[in-house]
Amino acid sequence: MPDSLLPVPAVLERIHPMVEDNHVFTFVPDLPFNVAPGQFYEVSLPGVGSFPVSTCHPVVNGRIESCIRRVGRVTDALYRMVPGARLGLRGAFGNGFDLELFAERDVLLIAGGLGMAPLRALLMALLVDEQRSGRIVLLYGSREPKALLFREELVELARMKRIELRFSVDFAADLQGPFSGVACRIGLVNELLDDLKFEPQQTVAAVCGPPALYGCILDELSATGIPENRILVTLERRMRCGIGECCHCVAGGRYICRDGPVFSLAELRLMPGAI
Ligand SMILES: Cc1cc2nc3c(=O)[nH]c(=O)nc-3n(C[C@H](O)[C@H](O)[C@H](O)COP(=O)(O)OP(=O)(O)OC[C@H]3O[C@@H](n4cnc5c(N)ncnc54)[C@H](O)[C@@H]3O)c2cc1C
Ligand code: FES
């Protein structure tokens with residue numbers, strides 16, 4: 001049996017409440033276990049079930065950190081656990097982001113809702129390199145100000161000029177207070193692209209969010225002149241095996257679990273129905 005089919009025993013070390021039903025969970029596996037930004041792994045709760053999830057931070061000191069939304073049976077069972085509980089981790093699966101592609105280039109990150117979680121892992125991996133000269137621009141849209149994940153941390157990174165940050169929300173009573181000087185507009189996240197100045201030939205873009213976001217933003221990014229092999233998207237599908245054996249996740253003729261979940265727009269053009 002491949003190693004990735006055997007859950008590695010782990011302990012739930014910490015639950016960090018962030019936004020209602022979107023908490024950050026820290027797991028410490030008993031054995032070395034690495035998940036790169038953009039890859040995913042399965043959290044297995046004994047006697048309950050398992051679900052795939054990405055990390056929201058690069059693995060540091062063996063700690064696996066994920067922002068997990070409570071949506072159904074298994075994630076609800078996880079929310080009922082307390083630190084010290086035992087569970088299993090299986091993986092890592094998928095390709096993840098090719099960090100080489102981001103080196104020496106300007107980076108445009110576009111997140112919608114929970115899509116901020118995997119993009120935060122990528123962002124933190126890029127920020128480790130203090131010598132980086134390229135810009136990092138983050139456009140992040142959410143329902144309302146209080147639903148913006150990692151908001152204070154992102155605002156602080158913008159204040160320190162490590163990233164350029166713009167928020168969008170569907171509605172807000174106050175467009176000043178919650179954003180501490182960071183630009184925010186009412187509207188959709190793709191509208192934040194409207195007056196953004198950047199060098200498309202120097203830029204790599206990564207987008208993560210609900211499928212509705214992809215419908216408009218991918219063509220808009222392509223129209224700016226960013227090469228389609230440098231417009232990256234992470235796809236989500238119901239997963240089972242995670243290793244290209246069960247065909248559960250096939251879309252557009254590719255295995256999302258094994259060949260993805262990160263695809264370039266150039267690849268997606270050859271995968272009809274994948275979005
Ligand atoms: C590659 C990948 C990365 C993911 N990363 C994260 C993450 O970082 N944080 C996070 O909170 N969730 C993430 N998910 C989604 C997560 O796997 C589902 O929310 C989880 O499986 C729900 O399990 P459940 O038993 O609690 O819900 P269920 O009872 O199985 O389902 C509850 C609801 O969630 C929907 N749902 C279930 N699975 C998925 C899925 N794979 N994609 C979209 N909708 C789904 C169902 O249609 C249903 O409406 C990721 C999924 C994939 C495939
Ligand atoms: S989840 Fe089994 S083939 Fe992808």
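The values are calculated or read from the model by the stated rules, or taken from the named source; none is laboratory data. Just so it is clear, the model here is predicted, and its values are computed rather than measured. Don't worry about glycine lacking a Cβ; one is built from the backbone with ideal geometry, like all the others, and counts go over all protein chains shown.
Annotations for the structure displayed:
- Single match in 133, 142 (criterion: surrounded by 18 or more Cβ atoms within 10 Å (Cβ to Cβ), at pLDDT below 95 and assigned by TED's automatic domain parsing to the domain that holds residue 157): 142
- Candidate set: the stretch 67-113, residues that are small (Gly, Ala, Ser) and part of a loop (DSSP other than H, G, I, E, B); chosen: the one nearest to ligand 1 (Cβ to nearest atom): 72
- Residue 234 meets all of the listed conditions (1) away from ligand 2 (no atom under 16 Å from the Cβ); (2) touching a residue at least 60 places away in the same chain (Cβ under 8 Å); (3) closer than 15 Å to residue 263 by Cα but one, namely (1).
- In the stretch 234-257, residue surrounded by the most Cβ atoms within 10 Å (Cβ to Cβ) [restricted to those that are more than 10 Å from ligand 1 (Cβ to nearest atom) and closer than 22 Å to residue 114 by Cα]: 251
- Pick from the stretch 169-206, criterion among the aliphatic types (A, V, I, L, M) and free of Cβ contacts under 8 Å to residues at least 12 places away in the same chain, ranking: surrounded by the fewest Cβ atoms within 10 Å (Cβ to Cβ): 173
- Some residue of the stretch 197-208 being polar (S, T, N, Q), out of contact with any Lys or Arg (no Cβ under 8 Å at 6 or more places or on another chain), modelled with pLDDT of 90 or more and within 16 Å of ligand 2 (Cβ to nearest atom): no
- Criterion violated by residue 209 - all others in (1) buried (at least 22 other Cβ atoms within 10 Å of the Cβ); (2) outside the structural domain of residue 109 (by TED's automatic domain parsing) satisfied: (2)
- Scope the stretch 102-147; condition over 30 Å from residue 70 (Cβ atoms) and among the polar types (S, T, N, Q); matching residues: 131, 133
- Test result for residue 128, modelled with pLDDT of 90 or more and in contact with a Lys or Arg (Cβ under 8 Å, 6 or more places away or on another chain): no
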